[in-house]
Structure formats: structure tokens, C-alpha cells
Amino acid sequence: MLVIAEELHGERLLARLRGDAGLRSRYDAVLIDEAQDWPCSWFQCARLALKEPETGDLMIVGDGTNRCIASGISPGPMPAFMPAAA
């Protein structure tokens, strides 16, 4: 299933980022578009990419009513820290 594969990829990347300081803390800001299609682990990876993960600029843009996966497989619910679509 596509969603599971994407989450597993994110988990592997997250483990690499946590284990290799040279891969982390590269960017002043990160912009995420189409956030509704991102597994939760990818958000954690984006946060670790920030030079200042706690205070750096992380802009997240998404539309809970729009899914880009054409196969009809839902990527799952929006991450808990994001507001739900009105």
C-alpha cells in the first residue's frame, strides 16, 4: 500500500537524520505544500532539517479536502498539529 511505503520511507529517513548530525540543521526555513499528502514522519524530518528546530520557520500549507493520490487510496487523517479543514 502506497501510504505505508511512504510512512516507512519517512521513518528510515528520520532515523538517519537522528543518527547523523551532518544531515540535520541545514535550513533557516522550510515550506511544506500539499501537507495533506505527507505522512507524519515527514513533518518530523522537515523539522530536523531546520537549523533551529524549536524556533525556526516552518510553514505548512495543506487542504484537507484535496487528496493528490489518484488511486483512491487515502493517505490518512491530517496530522494532529494541523487545523482540520472547515
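The values are calculated or read from the model by the stated rules, or taken from the named source; none is laboratory data. Just so it is clear, the structure is predicted and the values come from calculations on it, not from any experiment. As a convention, Cβ positions derive from the backbone with ideal geometry for all residues, glycine included, and neighbour counts pool all protein chains shown.
Pairs needed: first member in region 34-63, more than 15 Å from L13 (Cα to Cα); second member anywhere, of a type in the set (D, E) and assigned to a loop (DSSP other than H, G, I, E, B); C-beta distance under 7 Å; at least 6 residues apart or different chains.
Q36/D63; K51/D28; G56/D28; D57/D28; V61/D33; G62/E34
Per-residue answers, yes or no, for (1) in a helix (DSSP H, G or I); (2) in contact with a His (Cβ under 7 Å, 6 or more places away or on another chain); (3) at pLDDT 90 or above; (4) under 19 Å from E6 (Cβ atoms):
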{"site": "W42", "(1), (2), (3), (4)": "yes, no, yes, yes"}
{"site": "C45", "(1), (2), (3), (4)": "yes, no, yes, yes"}
{"site": "P53", "(1), (2), (3), (4)": "no, no, no, no"}
{"site": "L58", "(1), (2), (3), (4)": "no, no, yes, no"}
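Of the residues that make up region 5-26, is at least one surrounded by 13 or more Cβ atoms within 10 Å (Cβ to Cβ), at pLDDT 75 or above, at positive phi and of a type outside the set (K, R)?
Taking every residue of region 5-26 in turn, at least one turns out to be surrounded by 13 or more Cβ atoms within 10 Å (Cβ to Cβ), at pLDDT 75 or above, at positive phi and of a type outside the set (K, R).
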